[in-house]
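*Asks:* One structure coming up, written as structure tokens, with questions to follow.
Read the figures in this text as sums done on the coordinates, not as results from a lab. It should be emphasised that the depicted structure is a prediction, and the values quoted were computed from it without experimental measurement. Positions of Cβ are backbone-derived with ideal geometry, glycine not excepted, and every protein chain shown enters the neighbour counts.
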Amino acid sequence: MADYHPSHRSAVDRFFFDWFSGETLGAVRLYFGIGLALYVLTQYPQLLILDQLGTEFHYTLPIWYFWQLGIDHNVPWLILPTLLATFVACLFFAFGKWTKPAIIAILIGIFYLKGVRDSFSGDVHHREVPIIAILTLFFLSKCERVWSLDARRKGFSPIEDWEGSWPIRAMQIYIVMFYFWALVAKLRVSGLFWFEGGGRVQETLVGRALRDGFGADGNVVNLSLGWELAQRPDLIFTFGIFVFLFELLIPLLLFVKDWRIRLVILAGAAFFHFSNFMLMNVQFYFYPFVFVAFFDMAKVHRWLKGKLRLRGVEAPSEITGD
Amino acid sequence: MSKSAVRRLIAGYFLVFFGAIFLRIDYFPLSWVPMYGFREEAETLTVAVGDVDRRELGFAGLRANGERSFLSRRDINVPPANFRRLYQERAFGEGPPQHRRERAELAAFNQWWYERLIGPDPAKDADYPRDLLTSINRTFGLGPQDPRRFVQLEAHLDFATYTRAQLDSGDLLHPVRERRVAIITPTGTHYQRARIGG
């Protein structure tokens, strides 16, 4: 699945304009949109357990734009329709129906739902930060013109390859640098002390494991795996070295042409997010869906279709046992 | 859009998103640091040891008319994770991570713009327990003269303190334990402390 098309222009132009085809942008939008629809559902379920017609809590620390807009309390009945509208907008975006208005609807939905979730107590989570940055790139691109219901209905002319390539490459830069800047931030404000001993990770493991206390059996009520790991600072330090190296070297992924290597590295990143969820309840576990931006999803889509078609043909013989 | 326009667009895009990192902006959708990117240097680590049953009961509230009742997360209609933060963190004076790290190790220029445009350091300036009491009274529409307004909230919580040596050796079963009661009133918050266990 080679997806590199070299030309004779400047290195920057080659980097942005020569990597993917026009249709890849549409395919990335399709898979990113489906992933985002599921991601949205994973981020706000705790809001749905509120009494939808119950007390309207006045936020203790409203997020900055709620503050600016004078939104100082929760309106519980608004949550479910907003979540449903955001979910539907994600599907419209994925399948290319009113794509750009759908992006605006998703942005409004996420800003609102995130604002509600984070304003009760003032902890502003970062799970939506990369999503907004990536959606901005989709909005600025011509993603609605390929692999979309609108393109089929209105007969849009296909976009040029460079028009499909640059938004994906910009997404890739944003995603890898999100990890790299995380390392820079740690080193900038805490230095290597962040990693020393069990490091910040051990402190978070202990705090997270104990925050719900101990059960009658003497074990922690939640996150028992994290509690066990917290007692192994040597092991945490080893993991810390892996994280350090990962965050330091991940920008090199932008120049890896072999999709298999990219797949292995990004599978490692996905494992990292899943581990953080299991050990510390960090809710980034479904975030790796953004990694679709690192693959030629048009080719992946054709490959998947081929596999599914093949399975469909084989199915009768499987049933009859032939 | 021409290629040169796209080049300018990309440059502008990264100027905004990455410029925020150099300016230490942490206002969604811009951010310079992950949630757990900051570690404070200290000889000990003190963490809350929660009690789910106690937290389910909620804050012990006292109204101006002398009436006493518990205020649970269902009463104020707040998600469990947020209620945990209100009960175990804000009531005990602990702010969100953003506040604790916002002004840490700022470069001179960033210090300047934060002080000019944002104002005082929230980690030093905020009174989280008072904000909580105000928020709860506003939630129920109880004004400053209302006899049903809450004039006191109590939260009960244990804390465990580990030394650096304990953390480094992984010995987490023998911390110094302390029981604290946060008593939040409109004029201020005070904490009762009692050491527990051996």
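*Asks:* Straight-line reach from A:Lys305: which lysines have a Cα under 23 Å away, not including same-chain ones fewer than 8 places off?
*Replies:* Within reach: A:Lys97.
*Asks:* Can you sort B:Glu102, A:Glu228 from fewest to most other Cβ atoms within 10 Å of each residue's own Cβ? Working shown, then result.
*Replies:* Details: B:Glu102 19, A:Glu228 16.
Arranged by neighbour count, lowest to highest, B:Glu102, A:Glu228 become A:Glu228, B:Glu102.
*Asks:* Further question on the same structure: Looking at chain A, I'd like the Rg to Rh ratio, where Rg is from alpha-carbon atoms and Rh is Kirkwood's inverse mean 1/r. Mind showing how you got there, number by number?
*Replies:* Details: Rg = 22.4 Å, Rh = 22.2 Å.
Ratio of gyration radius to Kirkwood radius for chain A: 1.01.
*Asks:* Just the number, please: Stokes-Einstein D of segment A:67-221 in µm²/s, Kirkwood Rh from C-alpha pairs, 25 °C, 0.890 mPa s.
*Replies:* Details: Rh = 19.4 Å.
Rounded to a whole number, D works out at 127 µm²/s.
*Asks:* Given 37 °C and 0.692 mPa s, how large is the Stokes-Einstein diffusion coefficient of segment A:145-258 in µm²/s, with Rh as the Kirkwood radius over Cα pairs?
*Replies:* Working: Rh = 17.9 Å.
Answer from the Stokes-Einstein relation: 183 µm²/s.
*Asks:* While we're on this one: Tell me which aspartates and glutamates have Cα within less than 20 Å of B:Lys3's Cα, excluding those fewer than 8 residues away on the same chain?
*Replies:* By straight Cα distance, B:Lys3 reaches A:Asp13, A:Asp18, A:Glu23, A:Glu144, A:Glu160, A:Asp161, A:Glu163.
*Asks:* Another question, then. Given only helices, namely DSSP H runs of n ≥ 4 each adding -39500 (n - 2.57), what is the per-residue ellipticity at 222 nm of chain A, to the nearest 500 deg cm²/dmol?
*Replies:* Details: 14 runs with 206 residues, N = 322.
Using -39500 (n - 2.57) per qualifying helix, the result is -21000 deg cm²/dmol.
*Asks:* Let me ask something else. Can you sort A:Asp234, B:Asp146 by how many other beta carbons sit within 10 Å, fewest first?
*Replies:* Numbers: A:Asp234 11, B:Asp146 14.
Ascending number of Cβ neighbours within 10 Å: A:Asp234, B:Asp146.
*Asks:* Given a cut-off of under 8 Å on Cα pairs at least six residues apart, what relative contact order in percent is computed for chain A?
*Replies:* On the way: 408 pairs, mean separation 73.8, N = 322.
Relative contact order, chain A: 23 percent.
*Asks:* Using only the alpha-carbon atoms, how far is helix A:161-189 inclined from the longest principal axis of chain A? Give it as 0 to 90 degrees, nearest 10.
*Replies:* The angle comes out at about 20 degrees.
*Asks:* Return one number: the angle in degrees, 0 to 90 and rounded to the nearest 10, between the long axis of the Cα atoms of helix A:297-320 and the longest principal axis of the Cα atoms of chain A.
*Replies:* Approximately 90 degrees, to the nearest ten.
*Asks:* If one computes P(r) from the Cα atoms of segment B:1-130, what percent of pairs lie at distances over 21 Å? Present the calculation step by step, with values, prior to reporting the outcome.
*Replies:* Values: 5019 of 8385 pairs.
For segment B:1-130, the fraction of Cα-Cα distances above 21 Å is 60 percent.
*Asks:* Further question on the same structure: How far is helix B:3-22 tilted off the main Cα axis of chain B, in degrees rounded to 10, range 0 to 90?
*Replies:* 40 degrees
*Asks:* Take A:Val124, A:Val256 and order them by how many other Cβ atoms sit within 10 Å, fewest up front. Please report the intermediate quantities before stating the final value.
*Replies:* Working: A:Val124 23, A:Val256 13.
Listing A:Val124, A:Val256 from fewest to most nearby Cβ atoms yields A:Val256, A:Val124.
*Asks:* Can you list the lysines whose alpha carbon is less than 19 Å from that of A:Lys257, not counting same-chain residues fewer than 8 positions off?
*Replies:* A:Lys299
*Asks:* Further, regarding this structure: What 222 nm value per residue comes from the helices of chain B, counting each DSSP H run with n ≥ 4 as -39,500 (n - 2.57) and dividing by all residues, nearest 500 deg cm²/dmol?
*Replies:* Numbers: 9 runs with 72 residues, N = 198.
Value at 222 nm, helices only, nearest 500: -9500 deg cm²/dmol.
*Asks:* Only Lys, Arg, Asp and Glu count, each charged at its Cβ (+1, +1, -1, -1), so figure out the dipole size of segment A:10-180 about its Cα centre, rounded to 20 debye.
*Replies:* Values: 13 positive and 14 negative charges, 88 e Å.
Using Cβ point charges on Lys, Arg, Asp and Glu, segment A:10-180 gives about 420 debye.
*Asks:* Please provide three numbers in whole Å: the alpha-carbon extents of segment B:49-198 along the principal axes, with the largest listed first.
*Replies:* Its Cα atoms span 49, 49, 27 Å along the three principal axes.
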